[in-house]
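Notes to accompany the following structure.
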Amino acid sequence: DATSEGRKGDIKREIKMRKLDSTKVRPLKSEQLLRIDDHDFAMRPGFGGSPIPVGIDVQVESIDSISEVDMDFTMTLYLRHYWKDERLSFPSTKNRSMTFDGRLIKKIWVPDVFFVHSKRSFIHDTTMENVMLRVYPDGNVLFSLRITVSSMCFMDFSRFPLDTQNCSLELESYAYNEDDLMLYWKHGNESLSTDEHISLSQFFIEEFSASSGLAFYSSTGWYNRLFINFALRRHIFFFVLQSYFPAMLMVMLSWVSFWIDRRAVPARVSLGITTVLTMSTIITGVSASMPQVSYIKAVDVYLWISFLFVFLSVIEYAAVNYLTTAEERKQLKKRGKVSGMYNIDAVQAMAFDGCYHDNETDIDMTTFAVHSEESSARGRAASIPNLDATRIKRKRSLKGNVGRIILQNNHVIDTYSRIIFPTVYIVFNFFYWGLYV
């Protein structure tokens, strides 16, 4: 009937149109269809005329790493080039494009874009080289690559770890200056897109932006340059746990020394040395993970001032111990007990006993005669049992009165240090966090 005949006619016309579409003719090779052998693709399109416009757009897939020590970053991205080469135009009734892989790239002209300040870069090649070439009938070309590149980032660590770093990836033609090639962002600021799931362990990505400019080389002239800019704000919580909080604890631990009996030499010296060594370890650990810069970082200010507080607590006890020893010797001289043997016993008891020396108990020690060698010899023979008896008396006198005795035995320097050290450290923290945060 007429309906079936009409359908057959439409089918025949469609088959005829397919045959006329040269993009679907199988026997014709791509080189023959694009007439690659008829042109010299060593020269850019429009050679000798105006510069060829090459549009760029970038999709950032991931930021793989940020290295403070090497001052660089690693990024994986899709880099797409757009230009028109009329030598590649071909007839097509349906205006369909042709897509090729990387094997055709070496036979035609493509822009020679490279990454300025890059250290390492490579095109992914699993399972095949990640390269795509799409040619449209009017000669427009899309050239896409999947690349991982490591590039320099000039970082400023003066506010580390409370810093924000501004890095950029720069693209430029290697051989063609602005007289031969005009590099530009294909869609303006929208030419740069990012994956929604991009995240870093130590940084928060604040923004991505695209910009352009010119670069001058004295031997070859001016070149168009494109910039992929991004700002990274550092997460501080990790450093609070690893550096700031331990430093605060060490400083506060050093203040415990002010509440320990001034004559308990082993306890106070051990505490002071332990806090000093711990602060040194914290400072060394932070420095090992940072580049050797010649300026002071924010974390250096905090750690070294904390180290100064810990060090001053040790110096404070050295002063207290010296003044206590000098005061005791003066009291012994006033009481007429400057005998050599007694003086040695008193100092040894103060330095190694670690107990409080009650003056009234110490006075009960056996009086040594200094008028003759005979009485001196007898005093030395009796010194050992008498010293043991004195220590027993001293320990009995301490029972139930330790707190009162420690408070009464405070040196004036300890008393003021209990107030001055915490107050100054709290004021320093207010200024520090107010300045850097």
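None of the figures in this text is laboratory data; all of them are computed from the coordinates on show. All values reported here derive from a predicted model rather than from experimental measurement. So basically every Cβ, Gly included, is an ideal-geometry build from the backbone, and we count neighbours across all protein chains shown.
A simple spin-label model places the labels of Asn189 and Lys330 7.6 nm from each other, with each point 7 Å out along Cα-to-Cβ. Between Leu323 and Phe154, the modelled label-to-label distance comes to 5.4 nm, taking each label 7 Å out from Cα in the direction of the beta carbon. A full extension of the chain between Thr415 and Ser50 corresponds to an added length of 123.0 nm, given 0.36 nm per residue minus the alpha carbon distance. Could you list the residues of the range 220-262 with an amide nitrogen less than 17 Å from a label point located 7 Å from the Cα of Ile426 in the Cα-to-C-beta direction? Of the residues in the range 220-262, 248-249, 251-256 have backbone N under 17 Å from the label point off Ile426.
Mind checking the dipole of the range 99-170: about its Cα centre, +1 per Lys or Arg Cβ, -1 per Asp or Glu Cβ, Debye to the nearest 20? Before the final figure, lay out each step's value.
Details: 8 positive and 8 negative charges, 41 e Å.
Dipole of the range 99-170, to the nearest 20 debye: 200 debye.
Were the residues from Ile236 through Phe311 laid out at 0.36 nm apart, the gain over their Cα-Cα distance would be 24.3 nm. A simple count of charges around Gly139, restricted to other residues whose Cβ falls under 13 Å of its Cβ and scoring Lys, Arg +1 and Asp, Glu -1, yields +1.
Based on the Cβ-Cβ distance of Arg134 and Thr164, what FRET efficiency does E = 1/(1 + (r/R0)^6) give at R0 = 41 Å, to the nearest 0.05?
Values: r = 39 Å, r/R0 = 0.96.
After rounding to 0.05, the efficiency reads 0.55.
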